[in-house]
Amino acid sequence: MKVVLASDHGGFELAKEIEAFLGELGVEVNNIGCDSKESCDYSDYGIPAAEKVAAGEYDRGIVICGTGIGMSISANKVKGIRCALTHDVYTARVTREHNDSNVLALGARVIGVDLAKEIVKTWIGGEFEGGRHERRINKIHDYETK
Ligand code: RB5
């Protein structure tokens, strides 16, 4: 699996932790986020990351800012992206099973590093269940492509 990772300054340190953690999990990761804790704009990083997932360059994306909200709003503006802002393990699992989320958003100022890693591990390993859930996400696809 290939994952594109992006953060703004608020997510910079957590992104570094998640980058290393994905490597430990054997996941290929490319961090295209900001390169310091200097203030920057989450949209400059979240939108390009989401575009790369939508274009099929990466299987999944993980976007991190202070709350995760700016990144999730940005990513969800890109057609074909289903970005889930997730701060618990249950939601991380179910958003893969039900929503086939292809981007995960995290808030570095909301959760700690260990929980973020558990969420990432669960989300990376989660499988879409299809069936009625496929019908629902197809309706989102139909709306955004009409
Ligand atoms: C940056 O201060 C902060 O606003 C940003 O990281 C994010 O939380 C926005 O949603």
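The values are calculated or read from the model by the stated rules, or taken from the named source; none is laboratory data. Not measured: the values here are computed from a predicted model. Cβ: placed from backbone, ideal geometry, glycine included. Neighbour counts: every protein chain shown. Just so you know, the surface numbers come from the protein's heavy atoms only, side chains and all, with ligands and any DNA or RNA stripped out. Shrake-Rupley method; radii C 1.70, N 1.55, O 1.52, S 1.80 Å.
Kindly evaluate S72 against the criterion of being closer than 16 Å to V4 by Cα and in a helix (DSSP H, G or I). When the stated conditions are applied, S72 passes them. Here is the figure for region 105-128: residues that are under 14 Å from A92 (Cα atoms) and either part of a loop (DSSP other than H, G, I, E, B) or in contact with a Ser or Thr (Cβ under 8 Å, 6 or more places away or on another chain) (or both) total 9. Restricting attention to region 113-137, the residues being within 18 Å of A20 (Cα to Cα) and more than 16 Å from the ligand (Cβ to nearest atom) number 12.
For region 63-82, does any single residue satisfy the condition of being touching a residue at least 40 places away in the same chain (Cβ under 8 Å), under 21 Å from D114 (Cα atoms) and more than 10 Å from the ligand (Cβ to nearest atom)?
If we filter region 63-82 for residues that are touching a residue at least 40 places away in the same chain (Cβ under 8 Å), which is where we start, we get 63-68, 70-71, 79-80, 82.
Subsequent filtering for residues that are under 21 Å from D114 (Cα atoms) retains 63-68, 71.
Narrowing further to those that are more than 10 Å from the ligand (Cβ to nearest atom): 63.
For region 63-82, residues touching a residue at least 40 places away in the same chain (Cβ under 8 Å), under 21 Å from D114 (Cα atoms) and more than 10 Å from the ligand (Cβ to nearest atom): present.
Checking each residue in region 45-62 for being under 13 Å from S7 (Cβ atoms) and touching a residue at least 40 places away in the same chain (Cβ under 8 Å) picks out G46, P48, A49, G61, I62.
Just checking, which of R135, R96 is at pLDDT 95 or above, among the basic types (K, R) and open to solvent by less than 60 Å² (accessible area, probe 1.4 Å)?
Details: R135 fails: open to solvent by less than 60 Å² (accessible area, probe 1.4 Å).
Step by step, each of R135, R96 is checked, and only R96 is at pLDDT 95 or above, among the basic types (K, R) and open to solvent by less than 60 Å² (accessible area, probe 1.4 Å).
One line per residue, one yes/no per condition, for (1) more than 26 Å from K139 (Cβ to Cβ); (2) part of a helix (DSSP H, G or I); (3) open to solvent by 70 Å² or more (accessible area, probe 1.4 Å); (4) modelled with pLDDT under 95:
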residue: L22; (1), (2), (3), (4): yes, yes, no, no
residue: G26; (1), (2), (3), (4): yes, no, no, no
residue: N30; (1), (2), (3), (4): yes, no, no, no
residue: A84; (1), (2), (3), (4): no, no, no, no
residue: S101; (1), (2), (3), (4): no, no, no, no
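I140 passes every criterion in (1) more than 16 Å from the ligand (Cβ to nearest atom); (2) of a type outside the set (S, T, N, Q); (3) buried (at least 21 other Cβ atoms within 10 Å of the Cβ) apart from (3).
May I ask you to verify whether E57 is away from the ligand (no atom under 16 Å from the Cβ), in a loop (DSSP other than H, G, I, E, B), more than 19 Å from K117 (Cβ to Cβ) and open to solvent by 60 Å² or more (accessible area, probe 1.4 Å)? Spell out the reasoning first.
Numbers: away from the ligand (no atom under 16 Å from the Cβ): yes; in a loop (DSSP other than H, G, I, E, B): yes; more than 19 Å from K117 (Cβ to Cβ): yes; open to solvent by 60 Å² or more (accessible area, probe 1.4 Å): yes.
Considered against the rule, which asks whether it is away from the ligand (no atom under 16 Å from the Cβ), in a loop (DSSP other than H, G, I, E, B), more than 19 Å from K117 (Cβ to Cβ) and open to solvent by 60 Å² or more (accessible area, probe 1.4 Å), E57 comes out as yes.
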